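Reviewing the structure listed below.
The values are calculated or read from the model by the stated rules, or taken from the named source; none is laboratory data. If you're wondering where the values come from, they're calculated on a predicted model, not measured in any experiment. Every residue, glycine as well, gets a Cβ built from its backbone with ideal geometry; the counts of neighbours run over all protein chains shown.
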Amino acid sequence: MDEFFQLYNSQWGLVWPNEAVLVNPSAFLRYINQPIGELASRSHGNGSNHRNVNKRMIEFLKKTSTGMRVETTIETERERSHKHMISERMRREKHNQCYLALHKLLPLGTKSDKSSILHMAAKNIEELQKKKEELERRNSELAAEKAIEKAQIKLKVAYPASGIDYMLEVLYCLKNTGSRTKTIQSNFSQHEYSALLEIETKIRAADVEKAVQRTLFEVEKKFQSQFLENEG
């Protein structure tokens with residue numbers, strides 16, 4: 001039996017009660033002295049804590065990201081609202097400047113409120129439109145007057161049968177050509193009938209004179225024909 005205990009003691013390192021036992025002064029056990037089960041248990045616990053920390057970190061980052069997006073959206077809305085306010089203010093200032101510039105063009109005594117400015121401006125525009133139409137009409141008349149040619153036509157007929165008949169036929173001819181007679185100076189005798197006419201015409205004066213001479217020739221021919229018939 002003694003030999004068995006001695007052998008068992010030498011093989012397994014058993015310690016008898018009467019021997020002194022060393023006490024580990026540290027609260028932690030050396031890694032090599034920890035049982036496998038205890039190591040597995042602690043390792044499992046640390047892994048769970050690690051996953052919890054990661055989960056919390058992810059949730060924290062999500063909240064932070066969401067908060068940053070919300071703050072960014074709010075900041076964007078504020079910036080947009082500020083730009084809109086500045087743009088609206090500039091638009092109003094521009095309109096006010098336009099009203100002031102228009103007010104300076106209106107007659108003295110015009111009120112400075114927008115309604116009065118618009119009313120007076122509309123009234124002035126109507127008056128200016130009427131003046132424009134009047135000036136255009138006057139310009140047309142001046143252009144027509146400028147286009148009218150003034151001329152003098154001299155008439156001579158030897159041994160006229162009737163000076164009055166000649167003159168009446170000439171006046172009819174001038175009317176048909178659209179000419180207007182200004183003055184007539186005529187002399188009538190048994191030997192000659194002469195006349196000086198001042199006319200205004202829209203066609204060439206030379207063409208009017210040719211028409212008058214042709215009329216005189218036809219009148220003279222008519223009188224000669226009547227004279228021959230009376231003689232026969």
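Some notes on this structure:
- Of the residues screened, residue 142 is one that is within 30 Å of residue 202 (Cα to Cα) and modelled with pLDDT under 85.
- Here the strands (runs of 3 or more DSSP E) wholly within the stretch 132-232 that include at least 3 residues being surrounded by 13 or more Cβ atoms within 10 Å (Cβ to Cβ) and among the hydroxyl-bearing types (Ser, Thr, Tyr) are 192-201.
- The residue pairs whose first member lies in the stretch 123-139 and is without any contact (Cβ under 8 Å) to a residue 60 or more places away in the chain, whose second member is of a type outside the set (Phe, Trp, Tyr), and whose beta carbons are closer than 9 Å, counting only pairs six or more residues apart or on different chains, are 124/105; 124/106; 124/107.
- Within the stretch 170-218, the set of residues being among the charged types (D, E, K, R) and over 27 Å from residue 144 (Cα atoms) comprises 192, 214, 218.
- Hey, residue 117 in the same structural domain as residue 204 (by TED's automatic domain parsing) and in contact with a helix residue (DSSP H, G or I) (Cβ under 7 Å, 6 or more places away or on another chain) or not: no
- Selection of the stretch 100-115 for residues being more than 19 Å from residue 128 (Cβ to Cβ) and not acidic (Asp, Glu) yields 100, 111, 112, 114, 115.
- Of all residues in the stretch 135-151, none satisfies being over 58 Å from the mean Cα position of the chain (by Cα) and among the hydrophobic types (A, V, I, L, M, F, W, C).
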